[in-house]
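The values are calculated or read from the model by the stated rules, or taken from the named source; none is laboratory data. Note that the structure is a prediction, hence the values are computed from the model and not measured. Note: ideal-geometry Cβ built from the backbone for every residue, glycine included; neighbour counts use all protein chains shown. Surface accessibility is based on the protein's heavy atoms, side chains included, excluding ligands, DNA and RNA. Shrake-Rupley method; radii C 1.70, N 1.55, O 1.52, S 1.80 Å.
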Amino acid sequence: MTDTAQTTTDARTPWPPNARGTRRTFPPSSRAVDPATVERLLAAEWERFTTWSGGSGAHNERASKSLPLGVTSSFQHWDPYPISVQSAKGAWLTDVDGNRMLDLSMGFGAMLVGHLNPVVVQHVTEALTETGTLFVTPSPQATEMSERFCERFGLGMIRFTNSGTESLMYAIRAARAFTRRKAIVKIEGGYHGGYDPLQVSVKPALADIGPADAPIPDVPFDVEAGTVHVVAYNDLGQLHKVLAEHGRDIAALVIEPVVENLSIVLPDQGYLDGVRSACDEHGVVLVFDEVKTGLTAGYAGAAQRLGVQPDLITLAKSIGGGLPLAAFGGRREVMQVVVDGRMAHFGTYNGNPLVMAAAKAVDEVCTHEALDAAEAVNVRALEAIDAAIAEFELPCHTVGLGVKGCVTWSTTPVRNYRDYKATDFAMAELSWLWGVNRGILTPPGLDEQWLVSLAHTAADMATLIDDFRSLAQALRA
Ligand SMILES: Cc1ncc(COP(=O)(O)O)c(C=O)c1O
């Protein structure tokens, strides 16, 4: 699909435009929502939640005895308990109470091709019944997928891993081996999985991180972070300053090209080009974390869509069709560190034929046409929600990239973590819970986005639009 035209703020506003190929739309006018109404609706919605989800409550009680918080990853938890899901097909889930829910989380974006996509099922079944699941030797399956992904994402070389966390860890180690430097720079508020240096300033409390123009890294007690510098997203001035002062010790800058762990935060026009040149100037390896963007941002990911080439890229979620597949790769010169032994990259399960089968299916079904069609469904949903926001003059706006979208409860653009912290979290919670109570599951954090998978139809998205309109009516009643 041709890039969605930028639809950001009008000429009267002082904000820089967002990058081409991204979408952010504000209503012509907005009015505050009465906080007492929000509080009343939230209380009623939490009461309603317990009336239909008793099975999930009981399941969480049982699970909490053997699994901390009753979940297998802390992100899955919310109070009083999350919805436990029994099965999923296409765009729909069935919970343990037998409720059918529209899945707009889609495994935090990992299920881009839809649950039980028939092509994935076919390829994986072949691996399970005919070719085998694990050789721990070279295989034509892994080689073919390396060739396909290098071609698709414009990479010199690639290595497969099993999770985004692992890919980020190896990307940083490759950058260190390549530059013979140790420090890294990351974006304030950015999440990149569980590797120690990337735990710095993930979602820090404002009280702990100093002034906005000179952020102080927030290092959790339980990690050994090494030297990590933190800069605000969309602030080239801060990046230049850190690089001027510490550039000769910095191996890598790790950044999501579009930040998808603070809802969706778009790059200003020219920002990523500026990041690229700053890294070049100081010999710093630019790592684009495309674990969340990846195929959800377009056929070849966000880097290609936005026209800025990193040195290394990390991929996970959407490339695996629901199986645990991730990867890191990029410029041949940097990946050479693995070839000549400056860095070793290991993993028993890397590129196993089972996940390679799923990856091949994903590569086959994620054609330009299929992704364009899903993006068109997303754009139409965003437009309908924009119309509702304008009609009810709500104090929020929409942001979209590829097949993802979100409503951000702010009347000004969110351009970095501090802006995100100033958004209306009570409204974000109400909007999320309103959907959950009406059979629409978006991710539990208030910093996530919906995903239109290849299995979602315009009729499915009409459910979200109707739900949003009913919330708007309740807020203005
Ligand atoms: C941007 C980003 N990077 C890395 C990760 C870590 O990926 P994984 O959960 O596969 O370890 C995530 C997970 O949500 C992510 O959103």
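Here is the figure for the stretch 176-197: residues that are assigned to a loop (DSSP other than H, G, I, E, B) and either touching a Pro at 6+ places or on another chain (Cβ under 8 Å) or within 14 Å of the ligand (Cβ to nearest atom) (or both) total 8.
Cβ-Cβ distances below 9 Å connect the following pairs, each with a first residue in the stretch 70-82 that is more than 17 Å from Gly435 (Cα to Cα), a second residue that is within 15 Å of the ligand (Cβ to nearest atom) and in a helix (DSSP H, G or I), and a separation of six or more residues or different chains: Gly70/Gln76; Phe75/Phe108. From Asp79, Asp103, which residue is surrounded by 21 or more Cβ atoms within 10 Å (Cβ to Cβ) and charged (D, E, K, R)? Residue meeting the stated conditions: Asp103. Scanning the stretch 322-341 for residues that are open to solvent by 10 Å² or more (accessible area, probe 1.4 Å) and either within 16 Å of the ligand (Cβ to nearest atom) or not in a helix (DSSP H, G or I) (or both) yields Gly322, Leu323, Pro324, Arg331, Asp340, Gly341.
Check the stretch 203-216 and report whether any residue there is without any contact (Cβ under 8 Å) to a residue 40 or more places away in the chain, open to solvent by 50 Å² or more (accessible area, probe 1.4 Å) and not in a loop (DSSP other than H, G, I, E, B). Among the residues of the stretch 203-216, at least one is without any contact (Cβ under 8 Å) to a residue 40 or more places away in the chain, open to solvent by 50 Å² or more (accessible area, probe 1.4 Å) and not in a loop (DSSP other than H, G, I, E, B), which makes the answer yes. Summed over the stretch 279-309, residues that are open to solvent by 10 Å² or more (accessible area, probe 1.4 Å), touching a Leu at 6+ places or on another chain (Cβ under 7 Å) and either in contact (Cβ under 8 Å) with a residue 40 or more places away in the chain or polar (S, T, N, Q) (or both) total 4.
Of everything in the stretch 114-153, what is part of a loop (DSSP other than H, G, I, E, B) and in contact with a Pro (Cβ under 9 Å, 6 or more places away or on another chain)? Give them in sequence order.
Gly132, Thr133, Leu134, Phe135, Ser139
If only residues of the stretch 154-175 that are outside any strand (DSSP E or B), open to solvent by less than 10 Å² (accessible area, probe 1.4 Å) and within 10 Å of the ligand (Cβ to nearest atom) are counted, the one that is farthest from Gly194 (Cα to Cα) is Ser167. With respect to the conditions (1) open to solvent by 30 Å² or more (accessible area, probe 1.4 Å); (2) touching a strand residue (DSSP E or B) at 6+ places or on another chain (Cβ under 9 Å); (3) closer than 30 Å to Thr37 by Cα, Glu393 lacks only one, and its number is (2).
Only one entry in Lys89, Lys65 is open to solvent by 20 Å² or more (accessible area, probe 1.4 Å) and closer than 18 Å to Leu441 by Cα, namely Lys89.
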